[in-house]
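The next block holds one structure in the form of structure tokens; read it before the comments.
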């Protein structure tokens with residue numbers, strides 16, 4: 001969990017720093033490409049390593065439905081990053097946007113509640129991360 005937390009904190013601080021060193025629109029859209037390129041460089045080798053480990057079981061990556069799903073995911077990622085970068089540019093403290101972004105497990109839990117889906121993962125830990133992010137953001141208010 002530590003590498004993910006360090007990476008998330010690093011990209012949040014770098015994002016706020018980038019938003020302050022450029023015009024609003026070029027920084028918000030330009031940083032999205034930089035962060036996406038970094039994500040491809042980090043996740044690409046991992047996915048290739050995992051595919052080699054799975055061997056013949058990894059064929060599902062090459063199906064047409066997976067390509068379509070990947071394109072939709074890329075479009076969603078780009079849209080999310082642009083809106084997140086605008087939010088980062090307009091908030092005085094990057095922890096506000098990060099705390100709001102980390103409420104995703106709450107919305108997933110609400111969705112699962114209405115779908116009557118039984119989550120088998122450790123939900124309490126997800127809510128703990130959300131609570132800690134919100135508490136840290138509130139502690140920075142002057």
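The values are calculated or read from the model by the stated rules, or taken from the named source; none is laboratory data. Note that the structure is a prediction, hence the values are computed from the model and not measured. Every residue, glycine among them, receives a Cβ derived from its backbone with ideal geometry; neighbour counts consider all protein chains shown.
What to note about this one:
- Subset of the stretch 91-103 that is assigned to a helix (DSSP H, G or I) and in contact (Cβ under 8 Å) with a residue 24 or more places away in the chain - its residue that is surrounded by the fewest Cβ atoms within 10 Å (Cβ to Cβ): 96
- Flag for residue 39 being assigned to a helix (DSSP H, G or I) and either touching a helix residue (DSSP H, G or I) at 6+ places or on another chain (Cβ under 7 Å) or touching a residue at least 40 places away in the same chain (Cβ under 8 Å) (or both): no
- For the stretch 62-91, the tally of residues that are farther than 22 Å from residue 33 by Cα and either at pLDDT 80 or above or touching a helix residue (DSSP H, G or I) at 6+ places or on another chain (Cβ under 8 Å) (or both) stands at 2.
- In the stretch 12-28, of all residues being in contact with a helix residue (DSSP H, G or I) (Cβ under 6 Å, 6 or more places away or on another chain) and surrounded by 14 or more Cβ atoms within 10 Å (Cβ to Cβ), the one that is nearest to residue 85 (Cα to Cα) corresponds to 28.
- For residue 1, the conditions (1) modelled with pLDDT of 80 or more; (2) under 22 Å from the mean Cα position of the chain (by Cα); (3) farther than 19 Å from residue 85 by Cβ are fulfilled apart from (1).
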